[in-house]
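Have a look at the structure below before the remarks.
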Amino acid sequence: MSAAIYPGSFDPPTKGHVDVIERARRVFGRVIVAVGSNVRKDSARLSGERRAELMRAAVGDLEGIEVEVMSGLLVDFAREKDVRVVVKGLRDVRDFETEQEQALLNRTMYPELETVFLVSDVRHGFVSSSAVREIAFHAGEVRAMVPGVILEDVRRLYGRGDGQKDKI
Ligand code: PNS
């Protein structure tokens, strides 16, 4: 069975992420979901371990899926796991621009690491973690964007009531 790493911030996990994980599992059999941090963006609202917990709940007992926190570089994580394929989902050309840059940067550090792009389901083309954070912050409806099993957690953790008042 081949394996692939699916890295991301997952702040929070969305239905779009779970869709890509399911697609990747059909192709590779084993998928390691690497919950990392993008230091180019504002720091994540939740710790890596908390985001990993949400992701574990979101994927449930899907066979072949492991969820782990990735604290350093993706290339180091891939070497440690002895996995040479990274999977990323593409919603549109804007995603491609950022993902191509990341793939090429990773290749300069680890030439044997291949990045494979999977096209997201069109139903999730408008879904992003940043949109979920914004809508949840204002107590809007995120049901269509977030896996049902973590919906209440997302509302509570990203809503204005949970220590986020200072953001306005
Ligand atoms: O959800 P995101 O923001 O697309 O995830 C980005 C992530 C976490 C996959 C990326 O920032 C990453 O790989 N971080 C680990 C550190 C690293 O390897 N950075 C160099 C790649 S450009």
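The values are calculated or read from the model by the stated rules, or taken from the named source; none is laboratory data. Computed from a predicted model, the values in this text were never measured in an experiment. When we count neighbours, we look across all protein chains shown, and the Cβ atoms used for this are built from the backbone with ideal geometry, even at glycine. Keep in mind that these areas ignore ligands, DNA and RNA; they rest on the heavy atoms of the full protein, side chains included. Shrake-Rupley method; radii C 1.70, N 1.55, O 1.52, S 1.80 Å.
The figures follow:
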read-out: At most 12 other Cβ within 10 Å, DSSP loop - chymotrypsin sites (Phe, Trp or Tyr not before Pro), region 77-161; value: F126
read-out: Accessible-area value, T14, 1.4 Å probe, nucleic acids and ligands omitted, Å²; value: 0 Å²
read-out: Distant-in-sequence amide H partners of V67 (H built 1.01 Å from N, under 5 Å); value: V33
read-out: For region 50-62, Karplus couplings with θ = phi - 60° (6.51, -1.76, 1.60), whole Hz, Gly/Pro x; value: 5, 5, 5, 4, 4, 5, 4, 5, 5, 8, x, 9, 4
read-out: Gain on full stretching of the segment that runs from L151 to D121 - 0.36 nm per residue minus C-alpha separation; value: 8.8 nm
read-out: Degrees between helix 93-109 axis and first principal axis of the chain (Cα, 0 to 90, nearest 10); value: 50 degrees
read-out: Distance from region 1-45 to region 50-102 (C-alpha centre basis), Å; value: 3 Å
read-out: Accessible surface of the chain, 1.4 Å probe, proportion on carbon and sulfur as whole %; value: 50 percent
read-out: Helix-only mean residue ellipticity at 222 nm for the chain, each DSSP H run of n ≥ 4 adding -39500 (n - 2.57), per residue, nearest 500; value: -12500 deg cm²/dmol
read-out: Phi to ³J(HN,Hα) by Karplus 6.51 cos²θ - 1.76 cosθ + 1.60 over region 76-82, Hz, x for Gly, Pro; value: 5, 4, 5, 5, 4, 8, 6
read-out: Semi-axes of the equivalent ellipsoid for the chain, Cα gyration tensor, largest first, Å; value: 26, 17, 15
read-out: Alpha carbon Rg of region 97-136, scaled by the compact-globule rule 2.2 N^0.38 Å; value: 1.58
